[in-house]
Amino acid sequence: MFIHLKNVFYTYNLHMPFQTEALKSINIMIEKGEFIGIIGHTGCGKTTLLQLIDGLLEPTEGQILIDGIDIHKDRSKLKEVRKRIGLAFQYPENQFFEETIYKEIAFGPKNLGISDDKIKDMVKNALAMVGMDYYLYKDRSPFSLSGGEMRRVAIASILAIDPEVIILDEPTASLDAQSRDKLLALIKNLYQRYNRTIILVSHNMEIIAELTRRLIVMENGRIMMDDTPRKIFQESIEKLESIGLSLPPVTNLMYKLKKIGKPVNSGILTVEEAKEEILKMVKKK
Amino acid sequence: MGLPNPAIKKGINTLIKFSNVTHFYNDGQENKITSLSEINFEIQKGDFIAIIGANGSGKSTLAKHINGLLLPSQGDVFVENYNTKDPENIWEIRKKIGMVFQNPDNQLVATTVEDDIAFGLENIGMEEEEMKERVDWALNIVDLNELRNSEPHLLSGGQKQKVVIAGALAMHTSYLVLDEPTSMLDPKGRKEVLEITKRLNQEEKITIIYITQFMSEAAEFNKIILLDKGKIILSDYPKAIFKKVDLLIKLSLEIPQITKLARQLSENGLNIPTNILKEEEMMEYLCLYI
Amino acid sequence: MKFSRNITIGQYIYQNSLIHKLDPRVKILTTILVIISLFLIKSWFGFSIIALYLFINIFLSKVHPKFVLKGIKPLIIIIIITLIIHFFTTPGEVIYHIWILNITKEGIQRGLFIAVRLFLLIVATSWLTLTTSPIALTDGIERLLSVLKFIKVPAHEIAMMMTIALRFIPTLMEETEKIIKAQMARGADFESGNLIKRIQNFLPIIIPLFINAFHRADELAIAMEARCYRGGEGRTHYRKLMISIADQIFFITTLFVILIAYLVVL
């Protein structure tokens with residue numbers, strides 16, 4: 001067991017007129033090496049959940065355990081938690097403040113009191129992980145980059161502290177297709193090659209279906225489903241539709257074909273899978 | 001008022017015309033950067049047009065030329081018979097053209113929904129009674145009557161964009177230019193904005209120019225203008241545009257999953273057109289095979 | 001660090017009351033008059049008249065008195081400090097002696113008097129902000145200031161600045177919260193170190209906040225221009241302000257009350 005949220009509740013503005021319950025009885029266990037997707041409508045509590053995992057918010061009720069230790073029992077532990085878990089908020093480039101990309105990425109390691117020559121290696125590594133050349137970029141201003149590059153530098157600034165878990169909140173928002181695909185390849189790489197645990201929040205079902213291995217569906221501050229994407233996209237389609245979440249178009253296509261009596265497998269996650277399935281059917285006929 | 005331009009006199013229905021529009025700006029180092037080059041197109045009354053292009057293709061620059069927020073370095077933009085270059089015309093043009101920008105947070109000025117919708121009307125010096133009528137009317141069209149007293153920061157992104165749209169409607173705008181209105185919204189907000197845009201075109205006969213980088217959205221329009229590096233490289237019906245999937249991929253545009261699937265199936269010998277855009281259509285073809 | 005969500009602008013409480021319906025200009029002017037009178041009045045009798053008047057106003061506005069008290073809470077320390085300072089520093093008849101300090105009779109009287117004055121000042125302004133929406137307030141201020149146009153007071157510009165500030169304060173608060181959290185996620189520590197270190201620690205918050213605010217301002221300016229905004233000239237107002245008979249009665253009553261409170265001393 002690695003990260004364990006034990007019956008967690010979170011209420012904003014507790015005991016105030018605008019009190020709102022954002023999360024209710026959340027139980028999640030996250031193991032090392034998982035690739036988790038979280039979906040749900042805006043305001044369902046996703047972002048609150050991410051902040052709880054990173055120790056930025058303290059649960060109103062319940063516990064957050066990392067390797068069995070309650071992170072809020074001892075406040076000095078929180079820094080350790082944030083070193084092990086990297087969280088990239090939506091539009092992370094909005095937090096840039098340094099003159100050079102080097103300094104921007106070095107901000108995290110510096111806060112952790114790491115020595116300068118070690119920081120240099122960390123910055124180098126972080127840039128390499130997002131596919132950017134150290135010498136080409138280190139002295140440039142982060143504000144001079146294109147949208148896609150900015151996003152990658154922002155993510156590198158999270159990776160610099162070498163976290164075991166990487167949490168990404170809507171990492172592809174507002175990027176064009178090319179930058180998006182590049183970023184997704186990087187995320188895949190972080191998972192496969194660098195063996196990081198990844199938690200990805202996205203409204204984009206295509207991305208979720210293609211990348212994640214486990215899917216958590218949230219609705220009104222609760223966890224509604226927690227299973228593999230294939231199972232959810234196969235068995236719980238009506239449930240997803242009932243809360244107004246859409247399916248990836250190919251998943252939906254195969255589901256509809258099955259619904260009208262065609263002998264296809266539903267629970268298709270990618271274009272590739274859909275193609276294989278259709279070709280198989282055509283051959284059979 | 002400026003004199004009507006003889007060049008566009010003949011086409012009565014041509015309402016917006018870009019004629020050889022080139023735009024460049026200095027990037028601070030005296031380097032001229034061309035953001036639009038020799039743009040020519042016309043928009044007719046009632047058109048429902050999408051302009052697509054990747055980030056940096058010049059889409060937003062083009063949008064800002066339509067109502068004179070930017071002026072062409074070379075060439076002219078005409079709105080009805082007014083040239084945007086003539087400062088006398090500019091307010092007349094802006095009354096006719098409503099604009100919706102990308103970031104829903106940075107467009108609302110007033111502290112309640114209804115006051116914001118009235119903002120434009122106040123600016124053109126409208127009388128109070130007419131203003132009230134128009135605000136009520138616009139609120140109804142975008143279906144936000146219940147939120148009329150709400151503070152903007154408590155609304156969802158989609159609702160904020162609808163308030164911006166209502167603000168334009170209240171001006172009795174004939175054209176609505178939407179510059180990536182959905183790129184910062186969630187799927188629900190996206191759907192709402194696209195639906196209202198369609199309805200305004202059909203029911204209120206408002207000419208729509210919709211700028212986006214989502215091919216799936218562009219597919220809903222009657223005509224698509226494809227922009228790359230400041231140039232128009234294609235201008236056609238969606239079906240014709242979607243035939244050129246390779247080009248679209250090269251231009252860093254997102255291809256709908258269904259179109260990708262159609263292409264892969266056709267490469268594997270199935271007789272399926274490669275420009276299928278929607279699931280229903282794909283279903284029909286697949287039912288022929290399985 | 002804790003932040004509140006869904007902050008409302010100002011402290012306006014909506015009620016359907018006579019007071020809420022008054023013209024904001026009348027309310028602003030009466031509040032100013034009451035404030036001035038509080039500085040001129042020298043008698044307890046005068047204060048009690050004003051207190052009664054304010055009490056009736058709050059009663060008529062149907063706003064629960066607890067909201068008024070809430071407005072006083074943050075200032076209670078200031079009131080207490082004033083009280084204590086006056087207790088000890090006013091010369092006169094000593095009635096109590098601690099260490100080297102003397103409490104005088106005059107000190108107690110003066111201290112209480114000034115504390116009550118402060119208290120009433122806060123009640124009067126709270127009454128205004130509790131019963132007048134921020135929009136009505138800005139509208140009222142704009143219209144009142146435009147009387148001063150001949151001495152070049154930029155009434156419209158001031159009002160527009162107030163409106164935009166009111167509109168963007170909640171947005172910027174949310175943004176600040178987000179930036180703080182994002183920097184904390186990158187290991188930033190805002191709670192330890194000496195003063196200089198702490199100020200430095202805030203740069204990673206202030207700089208992005210400014211950059212984003214300038215960005216917003218830029219976009220907002222473009223959006224406003226696209227909506228035909230070109231300054232105050234020729235502009236009309238969505239919310240028409242009208243001085244009704246009720247406004248006139250209210251204003252005259254207020255004047256009358258203030259005069260009584262002031263003159264009865266002399």
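The values are calculated or read from the model by the stated rules, or taken from the named source; none is laboratory data. Being a predicted model, the structure only gives us computed values, none of them experimental. Every residue, glycine among them, receives a Cβ derived from its backbone with ideal geometry; neighbour counts consider all protein chains shown. Quick note on the areas: whole protein, heavy atoms, side chains included, nothing else; ligands and nucleic acids left out. Shrake-Rupley method; radii C 1.70, N 1.55, O 1.52, S 1.80 Å.
Numbers for the structure displayed
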{"read-out": "Relative contact order, percent, chain C [alpha-carbon distance under 8 Å, six or more residues apart]", "value": "30"}
{"read-out": "Ranked packing of C:120-131, A:255-266, C:182-193, most packed first, by mean Cβ within 10 Å", "value": "C:120-131, C:182-193, A:255-266"}
{"read-out": "P(r) tail fraction, the stretch B:6-255 - alpha-carbon pairs more than 35 Å apart, %", "value": "14"}
{"read-out": "The stretch A:102-155: equivalent-ellipsoid semi-axes (sqrt of 5 x gyration tensor eigenvalues, Cα, Å)", "value": "19, 11, 10"}
{"read-out": "Rough spin-label spacing in nm, given labels placed 7 Å along Cα→Cβ, for B:E204 and B:K32", "value": "4.0"}
{"read-out": "Choice from B:Y210, B:Y25, B:Y82 showing the highest fluctuation, given a GNM over chain B with Cα pairs closer than 10 Å", "value": "B:Y25"}
{"read-out": "Peptide ranges A:150-160, B:33-43 listed from the most packed, as the mean C-beta count within 10 angstrom indicates", "value": "A:150-160, B:33-43"}
{"read-out": "Fraction of antiparallel bridges per DSSP, the protein assembly as shown only, in percent to nearest 5", "value": "55"}
{"read-out": "222 nm mean residue ellipticity, helices alone, for chain B (DSSP H n ≥ 4; -39,500 (n - 2.57); rounded to 500)", "value": "-11000 deg cm²/dmol"}
{"read-out": "Cα Rg over Rh - the stretch C:182-266, Kirkwood", "value": "1.35"}
{"read-out": "Percentage relative contact order, the stretch A:3-229, counting C-alpha pairs under 8 Å, at least six apart", "value": "28"}
{"read-out": "Fraction of accessible area attributable to carbon and sulfur, the stretch B:6-255 (%, probe 1.4 Å)", "value": "45"}
{"read-out": "Largest-first principal axis extents of the Cα set of the stretch A:144-225 (Å)", "value": "42, 27, 22"}
{"read-out": "Choice from C:L203, C:L255, C:L54 showing the highest fluctuation, given a GNM over chain C with Cα pairs closer than 10 Å", "value": "C:L203"}
{"read-out": "Given A:K24/A:K231; A:K231/B:K243; A:K285/B:K191, the pairs whose alpha carbons are separated by over 31 Å", "value": "A:K231/B:K243; A:K285/B:K191"}
{"read-out": "Amide H contacts under 5 Å for A:I199, placed H, 5+ residues apart", "value": "A:I36, A:I166, A:I167, A:L168"}
{"read-out": "Volume in Å³ per residue [convex hull over Cα atoms, computed for the stretch C:24-100]", "value": "145"}
{"read-out": "FRET efficiency estimate (nearest 0.05) - Cβ-Cβ, C:M242 to A:R140, R0 60 angstrom", "value": "0.50"}
{"read-out": "Contact surface A-B: accessible area buried, both sides summed, square angstrom, 1.4 angstrom probe", "value": "2700"}
{"read-out": "Extension reserve of the C:A217-C:A51 stretch, reckoned as 0.36 nm per residue once the Cα distance is removed", "value": "55.4 nm"}
{"read-out": "Cα-centre dipole for chain B with unit charges at Cβ (Lys and Arg positive, Asp and Glu negative), debye to 20", "value": "1180"}
{"read-out": "Rounded to whole Å, sorted largest first: equivalent-ellipsoid semi-axes of the stretch A:3-229, Cα gyration tensor", "value": "29, 21, 16"}
{"read-out": "Calculated Rg and Dmax of the protein assembly as shown using C-alpha coordinates, Å", "value": "31.4, 112"}
{"read-out": "Measure of compaction for the stretch A:129-285 (Cα Rg per 2.2 N^0.38 Å)", "value": "1.23"}
{"read-out": "Amide H partners (placed H, <5 Å) of B:S35, local residues excluded", "value": "B:H23, B:F24, B:Y25"}
{"read-out": "All aspartates and glutamates inside 17 Å of B:K205 as judged from Cα atoms, apart from same-chain residues fewer than 8 positions distant", "value": "B:D47, B:E80, B:E195, B:E220"}
{"read-out": "Peptide-level mean, for B:183-194, of C-beta atoms on other protein chains within 10 Å", "value": "3"}
{"read-out": "Cα-Cα P(r), the stretch C:110-266, percent of pairs per 10 Å interval", "value": "8, 21, 24, 23, 16, 8, 0"}
{"read-out": "Virtual spin-label span in nm between A:R75 and B:I233, 7 Å along Cα→Cβ", "value": "5.7"}
{"read-out": "Listed residues C:F87, C:I196, C:G46: farthest to the positive end of the dipole of the stretch C:18-263 (Cβ charges)", "value": "C:G46"}
{"read-out": "Shielding by other protein chains, A:140-149, mean Cβ within 10 Å", "value": "1"}
{"read-out": "Set A:K46/C:K70; A:K46/A:K258; B:K59/B:K244 screened for pairs whose C-alpha atoms are more than 29 Å apart", "value": "A:K46/C:K70; A:K46/A:K258"}
{"read-out": "For chain C, the Rg and Dmax computed from alpha carbons only, in angstrom", "value": "23.6, 71"}
{"read-out": "Theoretical FRET efficiency, 1/(1+(r/R0)^6), r = Cβ-Cβ of C:F88 and C:F202, R0 41 Å, to 0.05", "value": "0.60"}
{"read-out": "Partners for A:K124 among lysines (Cα-Cα distance below 28 Å; same-chain residues under 8 apart left out)", "value": "A:K32, A:K77, A:K79, A:K83, A:K103, A:K110, A:K138, A:K182, A:K188, C:K178, C:K181, C:K197"}
{"read-out": "Lys/Arg +1, Asp/Glu -1 at C-beta; the protein assembly as shown dipole; positive extreme among B:T112, C:P134, A:G113", "value": "A:G113"}
{"read-out": "Largest-first principal axis extents, alpha carbons of the stretch C:216-266, Å", "value": "59, 25, 17"}
{"read-out": "Surface/4 estimate of mean projected area, convex hull on alpha-carbon atoms of the stretch A:1-110, nm²", "value": "8.7"}
{"read-out": "Selected from A:S179, A:S202, A:S146 as most flexible by GNM, with chain A as the system and alpha-carbon contacts under 10 Å", "value": "A:S146"}
{"read-out": "Peptide-level mean, for C:239-250, of C-beta atoms on other protein chains within 10 Å", "value": "1"}
